[in-house]
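The values are calculated or read from the model by the stated rules, or taken from the named source; none is laboratory data. In this text the structure is predicted, and so the values were computed from the model without any measurement. Cβ sites come from the backbone with ideal geometry, for glycine too, and all protein chains shown count toward neighbours. Keep in mind that these areas ignore ligands, DNA and RNA; they rest on the heavy atoms of the full protein, side chains included. Shrake-Rupley method; radii C 1.70, N 1.55, O 1.52, S 1.80 Å.
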Amino acid sequence: MSFDQMMLHFGAPTICGIKPANLFSVKNEKCSDATFALWKDALEQNKICAFRAPQKDGTLVFLCNPNWVKKILDESSAQEYLSLKGYKNNLDCASFVQELSRRIAARDTFPHEVGLLLGYPISDIIAFERNKGKGFKFCGSWKAYSNVKNARERSCKYKDCSKICQKWFCQGWPLNKIIKEYKKGRKAA
């Protein structure tokens, strides 16, 4: 899969405005500076931020709607949770991604607070940590411990979004047209 295909496969829900952020890993050779810069510029025109964090065996790519992520980070439950994890209050999207990237690089374990960025319910993030990933009620985009209906619906929505965006991209549609058509179809539904 090319980097362009990966961006749409993994990033479409954020790019199309139905998820606050996406995170995925790519092999370094697929994520050239020039290719990433082109995507970053195109996404910024659509109010989506793109960050990347080099790792031992690849590059983590973060796509974020900064306004949506900021709303999540401003919620009192998120601030309380992040405070317990040693984060400062009043983080913006870029600061949170930067700190997450630092923590990911410094640890052998993945910081589960990334789930906030990805829009997962805080109750599921905490339950995942507490249960060490076991005992979940549904596994889709995340392991859900409560509100299975919501988790199932959102996971299906994300998957459908990725499929349609990849199809349009393979047909040669530019990113702006993909976003416009997806949002138009969402409003019509």
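Segment residue 153..residue 94, full-extension length gain: 18.4 nm, with 0.36 nm per residue of separation and the alpha-carbon distance subtracted. For residue 130, what is the net charge nearby, where nearby means another residue's Cβ is under 15 Å from its Cβ and Lys, Arg count +1, Asp, Glu -1? For residues surrounding residue 130, the net value is +2. Here the extension length gained between residue 126 and residue 56 equals 22.4 nm, from 0.36 nm per residue of separation less the Cα-Cα distance. Net charge in the neighbourhood of residue 68 (other residues with Cβ under 13 Å of its Cβ; Lys, Arg +1, Asp, Glu -1) is +1. Of 27/85; 47/163; 19/163; 85/159; 88/132; 19/184, which ones are farther than 19 Å apart at the Cα? 27/85; 47/163; 85/159; 88/132, as the Cα separations exceed 19 Å there. Helix 175-188 and the long axis of the chain differ in direction by around 70°, with both axes built from C-alpha atoms. When Cα extents along the principal axes in Å is computed from the coordinates, the matching label among (i) 46, 38, 29; (ii) 50, 39, 30; (iii) 78, 48, 31 is (i). Roughly how many whole Å is it from the C-alpha centroid of segment 1-78 to that of segment 150-189? Value for the Cα centre distance between the two parts: 16 Å. Between residue 176 and residue 45, the simple spin-label model (points 7 angstrom out along Cα→Cβ) gives 0.5 nm.
Per residue, the chain exposes 55 Å² of solvent-accessible protein surface, assessed with a 1.4 angstrom probe and all protein chains in place. When you filter the trypsin sites (Lys or Arg not before Pro) in segment 70-175 for DSSP loop state and at most 16 other Cβ atoms inside 10 Å of their Cβ, you are left with 85, 88, 107, 132, 134, 137. The shape of segment 17-95 comes out oblate: with a ≥ b ≥ c from the C-alpha gyration tensor, a/c is at least 1.5 while a/b does not beat b/c. Counted by Cβ distance under 9 Å from residue 168, the other residues give a net charge of +1, where Lys and Arg count +1 and Asp and Glu count -1. Helical content of the chain, expressed as a calculated mean residue ellipticity at 222 nm, amounts to -17500 deg cm²/dmol (DSSP H runs of 4 or more residues, -39,500 (n - 2.57) each, divided by residue number, nearest 500). Placing a pseudo-label 7 Å from each Cα along the Cα-to-Cβ vector at residue 77 and residue 9 gives an inter-label distance of 3.3 nm. Heavy-atom accessible area with a 1.4 Å probe sorts 36, 51, largest first, into 51, 36.
Which shape class, rounded, prolate or oblate, goes with segment 1-44 when its Cα gyration tensor gives a ≥ b ≥ c as root eigenvalues, a/c under 1.5 marks rounded, and past that a/b bigger than b/c marks prolate? Verdict is oblate for segment 1-44.
For the chain, carbon and sulfur atoms together expose 52% of the accessible surface, with a 1.4 angstrom probe and every protein chain in place. Using R0 = 22 Å, the C-beta based FRET efficiency linking residue 106 and residue 29 works out to 0.35.
Against the longest alpha carbon principal axis of the chain, how many degrees, from 0 to 90 and to the nearest 10, is the axis of helix 33-44 turned? So the inclination is approximately 80 degrees.
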